[in-house]
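Chemist: Take a look at the following structure, please.
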Amino acid sequence: MPVWKIAIDGPAASGKSTVARLVATRLGGFYVSTGDLYRAVSWVALERGLDVANDPAAVTALLATLDLRYGVAGPGRLQLYLNGEPVAPEPLRSAAVAAVVSLVARLPAVRAWLCDRQRDCCALGTVVMEGRDIGTVILPDAPFKFFLTASPEERARRRLAQPGEVPPGSTVASVAAQIAERDRIDSSRAVAPLRAAADAATLVTDGMTPEAIAEHIVRAVLAGGQP
Ligand code: DC
């Protein structure tokens, strides 16, 4: 059984997670959402009443109290654990977390702390790791790197179709503006900004189904031969 390391990066709501899941299933590997790690730190920070926007030192200090890791929960399935307890997915996708996660993700101490936690996942076997800096920083030697993108309107439509993450009354225009702001913060931060690795294949996914995008990636990986 070949072991593949596949990096999928791209901006918010570009379809990365659905596609990465499909690719992982097709190749018999683990799907790793690195955004959920940043979301989990953000969620705990909010739970503990920290002022995430104005008190980065408190968020940094919080890290010393956290044991955050992915564990194998079943065939091909990872579960995120926080201090030994499984983390439920719903709070991570709440509007409250979505509103602060890019502020947490721009803190260098948080990124450094999460770096090894992400790399550790490669010990599990084939991984399809999805995020913003996987091809550039976390797995720079991954033999397969993809950068998915789509227009802000297409991404807003996709996000609106996902329950939970957008506040009630949201429109394509309001969600597109929110996404553009998150992209701005993610792309302009000093450490590990959102950008395609020089050796990544960029896929513009407007009008493509997740299945078609996944098929494209699987074919490219299989055509690339045994890693
Ligand atoms: O992919 P997502 O929407 O779950 O990501 C949530 C936030 O975390 C988003 O603001 C970007 C940030 N992030 C990051 O900076 N680096 C990663 N590798 C993954 C996510």
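The values are calculated or read from the model by the stated rules, or taken from the named source; none is laboratory data. Note that this is a predicted model, so its numbers are computed, not measured. Note: ideal-geometry Cβ built from the backbone for every residue, glycine included; neighbour counts use all protein chains shown.
Chemist: Looking for something of a type in the set (S, T, N, Q), more than 16 Å from the ligand (Cβ to nearest atom) and surrounded by 13 or more Cβ atoms within 10 Å (Cβ to Cβ) - is there at least one such residue anywhere in the range 172-192?
Modeler: Yes, the conditions are met somewhere in the range 172-192.
Chemist: Which numbered condition trips up R77, out of (1) touching a Lys or Arg at 6+ places or on another chain (Cβ under 9 Å); (2) of a type outside the set (D, E); (3) at pLDDT below 95?
Modeler: Condition not satisfied by R77: (1).
Chemist: Checking A53 against (1) in contact (Cβ under 8 Å) with a residue 60 or more places away in the chain; (2) at negative phi; (3) small (G, A, S), which single condition isn't satisfied?
Modeler: Failing condition for A53: (1).
Chemist: Filter the range 1-13 down to the residues that are in a loop (DSSP other than H, G, I, E, B) and near the ligand (Cβ under 9 Å from one of its atoms), then identify the one that is surrounded by the fewest Cβ atoms within 10 Å (Cβ to Cβ).
Modeler: Looking at the filtered set, the residue picked out is P11.
Chemist: Do we find a residue being out of contact with any Ser or Thr (no Cβ under 6 Å at 6 or more places or on another chain), of a type in the set (F, W, Y) and crowded, with 18+ Cβ neighbours inside 10 Å anywhere in the range 73-93?
Modeler: Among the residues of the range 73-93, not one is out of contact with any Ser or Thr (no Cβ under 6 Å at 6 or more places or on another chain), of a type in the set (F, W, Y) and crowded, with 18+ Cβ neighbours inside 10 Å, which makes the answer no.
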